[in-house]
Amino acid sequence: MSRKVDSVKDINDSKETWRLAVQIMDVWSVVNNKGIEHLEMIVIDSLGDRIQVLIRHDHLLKWKEVIKENMTCIINNGSVYNNDFQWKVCDHSKKIVFLGGTTMKAIELQNIPPKGYFFKDFGEILQGKCKTDRLEDIIGAVSEINHIQSNTPGKKVVVFVVLKDLKGNCINCNLWEIYGSKILAYYNDPKNNGAIVILLTHAMVKDGQVSNAWSGSKLLINEDIPEIQDFMSKLPTNEQKEKPTQSAKSLSNWSGGSQYSPVERFVHNAKCMSLSQFCKIKHETLCVTVATTLKFVVSKYGWFYYGYTRCSSKAPNPEKAYECSCGQKVEQPIPRYKIEIYVSNGESKYRFVFWDSECAAILGMTAEFMHNSMVENGEDDPMVYPDELEMLLNKKMAFRVKVQPTFSQASVWKLCDDEAFVKEIENDYIVEDNQSKTEYAKLVPNKENLETSAQTLSASGENDPESIILMTPAKDVVIADKGEEVDFEASGATQLSGTKPSKKVKIEPSS
């Protein structure tokens, strides 16, 4: 007569004769400061319940070559203790420790759910809704590499990146030693172009940022697995094609090379020009310029609209479910940033449209969180601009924008406020009125014609906020009324009366 299989959720310390039919989700080696090694693993049963398992050093040789990740097996016997791991990977209150009498037999099990990840929501990380002793799975797109510490005497390799989720939330991620070296090797490989999506398992979460654990974390970069490919497919098309930027200060700390510098990638296929030249543009053109944010352009649309996280179309009714123009069924529309700001350079100014991801990256919070905070504080007027939005003003930045002369505005694609980065763009790339085309050709990092027509830009994809919102205005889409409350000439550029750019405030993510 065979012994029946127990459920993981029922495991307690009342006995040691447990019999489990499980899959090994993950297994890793841990070496303590005395050089003593042991194994840890996570197993899951057919009901989806998980428990952490410890194999001590004295049993290591017996099991190290036997246990394989993703294998299904029957485990018999094990001591049960309280889950007192310093870093826990699951919520089970107990842990299993292999005994001398523990046995394990590989067997094919059909009813185990496929291996999955338990991703932690970036919004909860930013709000501090995390267990301090819990390791989490993280997935996000790298939007910037903003600091690199090289491997020098007394220092370990560490790479600080900014990760962005599909809602526009941004968190800082610190990748140490082999993890940092891995992301740099991928980034610096000229064969790797476009967006970088990373999946980090067993990440430590603290103070609104994440880092790899010293043991057990796995870093997957743009790998061909459903989770990463699904995330990549949901990014706006223009973001899928653009490689993340690398701040100028990170370059001074790392000797690794790449085909193009961060500045060269920023200006790639764009026309670099001063703000005063925007009035001469007759067709939609991708441009790079330097300007200082001046003041908000207040219109009847306010600072946000209701929509869907993965598309820029406006919800027809913010309180009802709907089918988005992209075909997705949306149960609950959420607020998303769309803020119009005058930017200036010298005596010229122009209207720039800042979208959800750029605003969230600077402000460190989503439009949904900001709106909900206002409501909780008794302010329900959607036309009131909260004080936190002032962080967007008085900043001198480099902008990669699509200039849209039909609407007398420019739509922001990318921005950077790093002082050295902005200075290099301003001094080495911006073309003034008196420069010839030959001089301009010497400034760009390749020999392509960088003036892009509206037809080419509109092919950037249906998820591009500019191509949806501004190329084809419709009733169900947020649009900028080109005639409303605009106090500058139809050309888009005007003269300011002695206005000086305000002092620049740097954005320094905490490490």
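The values are calculated or read from the model by the stated rules, or taken from the named source; none is laboratory data. The structure displayed is predicted, hence computed values, not measured ones. Cβ sites come from the backbone with ideal geometry, for glycine too, and all protein chains shown count toward neighbours. Ligands, DNA and RNA are stripped out before the accessible areas are found, and what is left, the full protein with its side chains, is counted by its heavy atoms. Shrake-Rupley method; radii C 1.70, N 1.55, O 1.52, S 1.80 Å.
Pairs from the list 120/320; 131/206; 282/402; 167/338; 167/314; 164/329 with a Cα-Cα gap above 20 Å: 120/320; 164/329.
Could you let me know the centre-to-centre spacing of region 1-68 and region 317-375, using Cα atoms, in angstrom? For region 1-68 versus region 317-375, the Cα centre distance is 47 Å. Computed about the Cα centre, the dipole magnitude for region 109-185 is approximately 100 debye when only Lys and Arg (+1) and Asp and Glu (-1) carry charge, each at its Cβ. Accessible surface of residue 371, taken over heavy atoms with a 1.4 Å probe and every protein chain present, rounds to 40 Å².
Remark: region 335-352, residue by residue, has Karplus-estimated 3J(HN,Hα) of x, 9, 5, 8, 10, 9, 9, 6, 10, 9, 8, x, 9, 10, 9, 8, 8, 10 Hz, where x stands for each Gly or Pro and the curve is 6.51 cos²θ - 1.76 cosθ + 1.60 at θ = phi - 60°. Does region 17-81 classify as rounded, prolate or oblate by the C-alpha gyration tensor (a ≥ b ≥ c root eigenvalues; a/c under 1.5 gives rounded; else a/b over b/c gives prolate, otherwise oblate)? Note, shape of region 17-81 comes out prolate.
A simple rule links phi to the HN-Hα coupling: the Karplus curve 6.51 cos²θ - 1.76 cosθ + 1.60 with θ = phi - 60°, which for region 122-128 gives 4, x, 5, 4, 5, 8, x Hz, with x for Gly and Pro. Its Cα gyration tensor gives region 334-403 an equivalent ellipsoid; the semi-axes, largest first and in whole Å, are 25, 13, 11. For residue 87, no residue has an amide H sitting under 5 Å from its own, ignoring neighbours fewer than 5 places away on the same chain, with H placed 1.01 Å from N.
Restricting attention to region 1-102, the count of lysine pairs at 8 or more positions apart or across chains with alpha carbons under 22 Å apart stands at 16. Per residue, the Cα convex hull of region 92-217 amounts to 200 Å³. Restricting the calculation to Cα atoms, every distinct pair contributes to the Kirkwood radius of region 55-117, found to be 13.6 Å. Taking one quarter of the surface of the convex hull spanned by the alpha-carbon atoms of region 14-173 gives a direction-averaged projected area of 12.4 nm². Database remark: amide H of residue 313 closer than 5 angstrom to the amide H of 308 (H placed geometrically; neighbours at sequence offset of 5 or more, or on other chains; Pro and chain starts carry no H).
Apply 1/(1 + (r/R0)^6) to the Cβ-Cβ distance of residue 103 and residue 133, taking R0 = 22 Å, and write down the FRET efficiency to the nearest 0.05. Efficiency for this residue pair is about 0.10.
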